[in-house]
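Q: To start, I am sharing the structure in question, which I have written as structure tokens.
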Amino acid sequence: MSAAIATTGFQASRALPRDFDTSVRAQGVYTQTGVAHAPSAVVRTRLRLTRRGRVVFTMLAALPLVVWVLVLVLGSGAAAADVDSAGATFEYVTVGQGDSLWAIAEAIDPSGDVREVIAEIVRLNGLDDAVVEPGQRLALPLAP
């Protein structure tokens with residue numbers, strides 16, 4: 001019986017030697033399926049900081065200093081604004097029973113706008129509103 005060998009177009013896969021898989025796989029080239037893979041030993045590189053990373057790191061380190069300088073500069077402006085009023089001398093009055101800011105302001109500047117004088121008294125004494133209590137001591141603005 002003689003059999004004819006026909007080619008079907010399919011080619012049988014070639015068998016690899018037994019030691020091929022283990023020796024090549026250890027080097028990290030490819031496996032029996034022919035798919036490349038990374039070596040099993042991981043090579044660690046040194047962590048490097050990029051230029052952008054150095055800029056960000058420097059900015060974060062300098063941020064507290066910048067905030068401190070801004071607070072120092074902006075805070076001194078408020079103190080400088082009070083220099084004029086700190087150098088002036090004030091008259092003080094003790095609020096009596098039945099006194100109001102309106103009556104006190106009229107006594108200071110009868111010909112001026114009473115509302116402006118009240119606003120100045122409130123600002124000088126750090127009052128929350130225009131309500132005063134008997135016995136309260138108030139700094140009065142100098143008459144114009």
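Q: Arg52 versus (1) at pLDDT 90 or above; (2) surrounded by 10 or more Cβ atoms within 10 Å (Cβ to Cβ): which is the lone unmet condition?
A: (2)
Q: Being surrounded by 11 or more Cβ atoms within 10 Å (Cβ to Cβ) and of a type in the set (Asp, Glu) is the filter here; which residues of region 116-144 pass it?
A: Glu116, Glu120
Q: Any residue at all in region 104-112 that's without any contact (Cβ under 8 Å) to a residue 12 or more places away in the chain and part of a helix (DSSP H, G or I)?
A: Yes.
The values are calculated or read from the model by the stated rules, or taken from the named source; none is laboratory data. The structure presented is a predicted model; accordingly, all values stated were derived computationally and were not measured. Counting neighbours? That spans all protein chains shown, and the Cβs are built from the backbone with ideal geometry, glycine included.
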